[in-house]
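A short worksheet on the structure shown next.
The values are calculated or read from the model by the stated rules, or taken from the named source; none is laboratory data. Model, not experiment: these values are computed from the prediction. A quick note on method: Cβ atoms are made from the backbone with ideal geometry, for glycine too, and the neighbour counts reach across all protein chains shown. Calculation scope for accessible area: heavy atoms of the full protein, side chains included, ligands and nucleic acids excluded. Shrake-Rupley method; radii C 1.70, N 1.55, O 1.52, S 1.80 Å.
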Amino acid sequence: MRWVFWAVFALLVALRVPSLQQPSGADQALYAYVGQRILHGELPYRDAWDQKPPGIHATYALLYAITNDDRVVPAADLAVAIATALLLLVLGRRLGPPGAGEIAALVFLFLGDPAWGRLGGVRARAQCEVFIGLVSTAGLLLLHRALDAGARRVQALAFAAGALFGCAFVYKYNAGAVLIAAMLAALWWRREAAPGFVARVRGLLPVGVAVASGFVTVVATMLAIFAATGTFDDLYNATISYNVFYSGETYSGRFAMLGYLLRFPIERARVDGLWFVG
């Protein structure tokens, strides 16, 4: 069965290889432009505008610092998908019954294939969610290891997990919700270590403080960079003010938000298999 798993794993990766030759979509082109302007010493939101938080622009700047070949974008998408699948494999083996990690990795590779994620006829790759998935999965794995580690390693592993969750937030502010998922997961993982809920929470306080410290460190560093360059207002206006206005245009009223919750699984299923299953 081990060989069957790796054979299917390799097949699912091979099915994604043709995406390396397909052109980028509008979002990827915008991220690429902002990333390239960063490499020329310009600043996002002031010199090159986008409403996404700065994590994706910094990532694209790093990619184009490696090579100017546009295929670096789908190549990064493929590499991150493989890395995330391997992390799911390890995490699933730690958490679930035999085969849980293998199934998680294969389902992720299959439903995360760009062939299922077309927007306007273009395969969506290397979006914020791709990198959020990587850092969030890595953070959950480190958090689980922290709960099993010796006293000296708990704080370091938990801080690193929090820093990864902070990176997810820097890619998209709403990805900060992964902190809630992480804390609920930690409570569930320690359900046998303490007899009651209050005792469990008390026992997890040192880990929680370390996770929060890592998260705040990354976010504070991002804010300090923009404050030091005099572009904090540009960051706020682009990533918060504009997006609040954008949401106001999307929903005609409070009840429209409830209607969206009912419609979006079907609407998103057409362009994102992982979103639909989630």
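Restricting attention to segment 118-128, does a residue exist that is open to solvent by 40 Å² or more (accessible area, probe 1.4 Å) and small (G, A, S)? Yes, the conditions are met somewhere in segment 118-128. For segment 53-71, what are the residues that are buried (at least 22 other Cβ atoms within 10 Å of the Cβ) and in contact with a strand residue (DSSP E or B) (Cβ under 9 Å, 6 or more places away or on another chain)? Hits for segment 53-71 are P54, H57.
Name every residue in segment 5-28 that is of a type in the set (A, V, I, L, M) and surrounded by 13 or more Cβ atoms within 10 Å (Cβ to Cβ), in order of residue number. Scanning segment 5-28 gives V8, L12, V13, L15, L20. Look at (1) open to solvent by 70 Å² or more (accessible area, probe 1.4 Å); (2) modelled with pLDDT under 90; (3) touching a helix residue (DSSP H, G or I) at 6+ places or on another chain (Cβ under 9 Å); (4) not β-branched (V, I, T) and you find that Y236 fails only one, number (2). Give me the residue from segment 72-98 that is touching a Lys or Arg at 6+ places or on another chain (Cβ under 9 Å) and either more than 23 Å from L20 (Cβ to Cβ) or among the charged types (D, E, K, R) (or both) and, out of that set, least open to solvent (accessible area, probe 1.4 Å). Residue satisfying both the conditions and the ranking: D77. The listed residues are A14, A79, and the only one of them that is within 17 Å of L134 (Cβ to Cβ), outside any loop (DSSP other than H, G, I, E, B), without any contact (Cβ under 8 Å) to a residue 12 or more places away in the chain and out of contact with any Phe, Trp or Tyr (no Cβ under 7 Å at 6 or more places or on another chain) turns out to be A79.
If you go through segment 51-76 and keep only what is among the polar types (S, T, N, Q) and part of a loop (DSSP other than H, G, I, E, B), you end up with Q51, T67, N68. For segment 175-184, the criterion of being surrounded by fewer than 22 Cβ atoms within 10 Å (Cβ to Cβ) and farther than 27 Å from I240 by Cα is met by at least one residue.
All of A168, A185, A177 fail the test of being part of a helix (DSSP H, G or I), modelled with pLDDT of 90 or more and in contact with a Leu (Cβ under 7 Å, 6 or more places away or on another chain), apart from A185.
Here is a check on your reading of the model: is F159 open to solvent by 20 Å² or more (accessible area, probe 1.4 Å), over 17 Å from R94 (Cβ atoms), touching a Gly at 6+ places or on another chain (Cβ under 6 Å) and assigned to a helix (DSSP H, G or I)? Taking the combined requirement at face value, the residue satisfies it.
F245 falls short on exactly one of the conditions (1) exposed (fewer than 13 other Cβ atoms within 10 Å of the Cβ); (2) more than 17 Å from the chain's Cα centre (by Cα); (3) under 28 Å from R94 (Cα atoms), and that condition is (3). When F264, F215, F245 are screened for being of a type outside the set (D, E) and modelled with pLDDT of 95 or more, only F215 passes.
Exactly one residue among A210, A238, A193 is within 18 Å of H144 (Cβ to Cβ) and touching a residue at least 12 places away in the same chain (Cβ under 8 Å), and that residue is A210. Of the residues that make up segment 189-201, is at least one at pLDDT 85 or above and either assigned to a helix (DSSP H, G or I) or open to solvent by less than 20 Å² (accessible area, probe 1.4 Å) (or both)? Yes, because at least one residue in segment 189-201 is at pLDDT 85 or above and either assigned to a helix (DSSP H, G or I) or open to solvent by less than 20 Å² (accessible area, probe 1.4 Å) (or both).
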